[in-house]
Amino acid sequence: MQKLVILAEEVFGAEEEKYVVGEGNKRVASIEWDFYDQALDINQIYVVEKYLGCRFPEDYVSVVKKYSGGHPNLDCFDFYDHEESVFNYLLSFNSERSIYILKVYEDVKDRLQKNLVPIANDPFGNLICFDYSKNSKEPAVVFWDHEIAYEDRNQATSFICNTFTELLNKLYQL
């Protein structure tokens, strides 16, 4: 059974402002989001996709439509040889914010590997990106280290997981 990101109010009642990550109606992790933008119009997502030449995965779109620019209460994750990495903010689809996805992309595109699209940041200038290099429909999720990218952009990424849902499932609070 494929893991899904579902709106908690659809399953548990409208009083909750959370996304539940898991299989079907089984609650695995409950993420609350702060500081997010107003709900997105799908056309805002299409504009960004067209500019970047990609198609965002459905699990990401379902979250970013409601929580663009948001900060999760579960904000740490581990991968490879990195422990307690921090998920700071989903990049925003609001062009007025400093974390506007296209502004962030333009600021770092000369140091990004081809086929990387930033989707979130950490507090230290690094990014969480989709990597479309192996699959244009289901990109992997990678960590982009801005300091390494100055020296060698081809060595600046580390694999985190296969999907955005897997990333959400990795989140925990210290």
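All of the numbers you see were taken from the coordinates with simple rules; none came from a lab. Please read all numbers here as calculations on a predicted model, not as lab measurements. Here Cβ is always computed from backbone atoms with ideal geometry, including for glycine, and neighbour counts include all displayed protein chains.
Once you put a point 7 Å from the Cα of residue 111 and another 7 Å from the Cα of residue 71, both along the Cβ direction, what distance in nm separates them?
Spacing of the two 7 Å Cα→Cβ label points: 2.2 nm.
Give the residue list of chymotrypsin sites (Phe, Trp or Tyr not before Pro) in the stretch 114-155 that are DSSP loop and have at most 16 other beta-carbon atoms within 10 angstrom.
When the chymotrypsin sites (Phe, Trp or Tyr not before Pro) of the stretch 114-155 are filtered for loop state and at most 16 Cβ neighbours within 10 Å, 124 remain.
In nm, to one decimal, how far is the residue 134 label point from the residue 94 one, both placed 7 Å along Cα→Cβ?
The modelled label-to-label distance comes out at 3.6 nm.
By how many nm would the segment from residue 103 to residue 158 lengthen if fully extended, with 0.36 nm per residue of separation less the alpha-carbon distance?
Here the segment from residue 103 to residue 158 would lengthen by 17.5 nm.
Based on the mean of other Cβ atoms within 10 Å per residue, sort peptides 82-90, 104-112 so the most packed one is first.
82-90, 104-112
What distance in nm lies between label points placed 7 Å from Cα along the C-beta direction at residue 166 and residue 78?
1.7 nm
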